[in-house]
Amino acid sequence: MIDVNPELEKSLSDLDCTLVYQHPEGFNKLPVVSYYNLTESVSMSYDNEEQLQDGVVQLDIWAEVPDECGRIALEINGLLTADGWCRQFSMDIPKQSGERAYHRTMRYVKCFC
């Protein structure tokens with residue numbers, strides 16, 4: 001079994017904004033990208049040993065303006081696809097009354113040996 005979070009952190013090491021695990025503590029310093037491991041599952045096994053594992057991660061972009069969410073999403077997509085991750089989807093989350101930050105969510109999957 002591979003812990004997917006360090007693999008994602010390595011893939012995003014050149015990201016040009018703050019990266020936090022799970023959820024931002026506050027929204028004082030934007031933009032910020034939060035992430036977490038959504039699922040890890042066996043993709044292939046033989047001889048009672050796991051050979052391949054799929055890792056699915058969720059990323060959330062939080063920014064003061066919607067264009068920033070889009071710019072960061074493009075940057076993330078470039079970094080992750082270059083490192084073998086495949087985007088499952090990306091979508092804007094509607095801003096609720098009183099919320100300060102714009103929000104975009106993204107999901108990626110990668111197969112690990």
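Looking at the stretch 98-113, which of its residues are outside any strand (DSSP E or B) and out of contact with any Asp or Glu (no Cβ under 9 Å at 6 or more places or on another chain)? Reasoning before the result, please.
Just the residues of the stretch 98-113 that are outside any strand (DSSP E or B), to begin with: 98-101, 113.
Selection gives Gly98, Glu99, Cys113.
Considering only the stretch 63-81, I want to know if a residue exists there that is of a type in the set (Gly, Ala, Ser), over 19 Å from Leu38 (Cβ atoms), without any contact (Cβ under 8 Å) to a residue 12 or more places away in the chain and open to solvent by 50 Å² or more (accessible area, probe 1.4 Å). Spell out the reasoning first.
Going residue by residue through the stretch 63-81, those that are of a type in the set (Gly, Ala, Ser) are 63, 70, 73, 78.
Cutting the leftovers down to over 19 Å from Leu38 (Cβ atoms) gives us 63, 70, 78.
Restricting the remaining residues to those that are without any contact (Cβ under 8 Å) to a residue 12 or more places away in the chain gives 78.
If we keep only those that are open to solvent by 50 Å² or more (accessible area, probe 1.4 Å) too, we end up with none.
No: zero hits.
Among the residues of the stretch 41-55, which ones are part of a strand (DSSP E or B), surrounded by fewer than 17 Cβ atoms within 10 Å (Cβ to Cβ) and either charged (D, E, K, R) or modelled with pLDDT of 75 or more (or both)? Within the stretch 41-55, Glu49, Glu50, Asp54 meet the criteria. Residues in the stretch 1-22 that are open to solvent by 50 Å² or more (accessible area, probe 1.4 Å) and at pLDDT below 85: Met1 alone.
Remark: Gln58 falls outside the filter, which requires a residue to be within 21 Å of Glu25 (Cβ to Cβ), part of a loop (DSSP other than H, G, I, E, B) and among the polar types (S, T, N, Q). Ser34: open to solvent by less than 20 Å² (accessible area, probe 1.4 Å) and without any contact (Cβ under 8 Å) to a residue 60 or more places away in the chain, yes or no? So Ser34 fits the description; yes.
The values are calculated or read from the model by the stated rules, or taken from the named source; none is laboratory data. Given the structure is predicted, the values throughout are model-derived calculations rather than measurements. Cβ: placed from backbone, ideal geometry, glycine included. Neighbour counts: every protein chain shown. Heads up: the accessible areas ignore ligands, DNA and RNA and are worked out on the full protein's heavy atoms, side chains in. Shrake-Rupley method; radii C 1.70, N 1.55, O 1.52, S 1.80 Å.
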